[in-house]
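The values are calculated or read from the model by the stated rules, or taken from the named source; none is laboratory data. Just so it is clear, the structure is predicted and the values come from calculations on it, not from any experiment. As a convention, Cβ positions derive from the backbone with ideal geometry for all residues, glycine included, and neighbour counts pool all protein chains shown.
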Amino acid sequence: MNTATTVSLVTGGNRGIGRETARQLAALGHTVLLSARRPQDAERAVADLAPGLPGTLLPCRLDVTDADDVRALARRVEGEFGRLDVLVNNAAINYDTAQRAVSADLDDVRRTLETNLFGAWQTAQTFLPLLRRSRHPRIVNVSSESGSLEHMGGGTPAYGVSKAALNALTRKLADELRAERILVNAVCPGWIATDMGGSGGDPVDQGAASVVWAATLPDSGPTGGFFRKGAPLPW
């Protein structure tokens, strides 16, 4: 992949895994649209990260649950770049450790699905015409092993179900886009010390490195897979 001209979009890029993924991609020379629901959060992250990086970080507003927001950003990307090379669907909410499936607040579950599943789905659909203009298009869905059916147990029902659904979406998109050579993969960063993950996890740069690996795969790389640190995970 020619990183000198690669245009990447990271949703939920103002903190945690998204912020570090944006930084690492810019360190590789990408032009990175670092998005956040509040423009000031994106601007603050870019101001902190941009100095000294060989690539370019551009702040932008994006609420993935707002179709108008997603379309507006797609129009901006089309006007400024004419294409998108990498879409990192990172925006996610609600690691609901206090809930159980037997008693979960279903309104809370619906809100979680709106961001974690439908937000990623909507963003992928909207940006697909621009990804089709790329020579090396990549979609990376930032998932979690809590969405693995093989390892799934009780607890965190909204988050776990939303990530299992995101994994299913990954497989659907990968199969439908395979002939167009658009690589679509899900990545579990692992337990990472972030606001959502809490203390005690691995450093954020290690989690983001798994995402960057999938974002920069060669054309011969895998599609329709679920990975952590470049190694397959069970669905």
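Residues are listed down the side, and each one gets a yes or a no for (1) of a type in the set (Gly, Ala, Ser); (2) crowded, with 23+ Cβ neighbours inside 10 Å; (3) modelled with pLDDT under 95; (4) under 18 Å from residue 207 (Cβ atoms):
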position: 121; (1), (2), (3), (4): no, no, no, no
position: 125; (1), (2), (3), (4): no, no, no, no
position: 128; (1), (2), (3), (4): no, no, no, no
position: 136; (1), (2), (3), (4): no, no, no, no
position: 140; (1), (2), (3), (4): no, yes, no, yes
position: 149; (1), (2), (3), (4): no, no, no, no
position: 158; (1), (2), (3), (4): yes, yes, no, no
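For every residue, the table says whether it meets (1) in a helix (DSSP H, G or I); (2) over 27 Å from residue 78 (Cβ atoms).
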residue	(1), (2)
129	yes, no
139	no, no
155	no, yes
184	no, no
209	yes, yes
Requested in this report: Hey, can you tell me all the residues within the range 110-157 that are hydrophobic (A, V, I, L, M, F, W, C) and more than 18 Å from the chain's Cα centre (by Cα)?
Outcome: 149, 152
Query raised in the report: For residue 82, which of the numbered conditions (1) more than 19 Å from residue 164 (Cβ to Cβ); (2) free of Cβ contacts under 8 Å to residues at least 40 places away in the same chain; (3) not polar (S, T, N, Q) fails to hold?
Result: (2)
Report summary line: Considering residues that are surrounded by fewer than 24 Cβ atoms within 10 Å (Cβ to Cβ) and in contact (Cβ under 8 Å) with a residue 12 or more places away in the chain, the number found within the range 27-45 is 11
Query raised in the report: In the range 87-118, what residues are assigned to a loop (DSSP other than H, G, I, E, B) and either under 17 Å from residue 143 (Cα atoms) or in contact (Cβ under 8 Å) with a residue 40 or more places away in the chain (or both)?
Result: 90, 91, 92, 93, 94, 95, 96, 97, 99, 100, 101, 104
Query raised in the report: Since residue 7 meets every condition but one in (1) in contact (Cβ under 8 Å) with a residue 40 or more places away in the chain; (2) surrounded by fewer than 24 Cβ atoms within 10 Å (Cβ to Cβ); (3) touching a Gly at 6+ places or on another chain (Cβ under 8 Å), which condition does it not meet?
Result: (3)
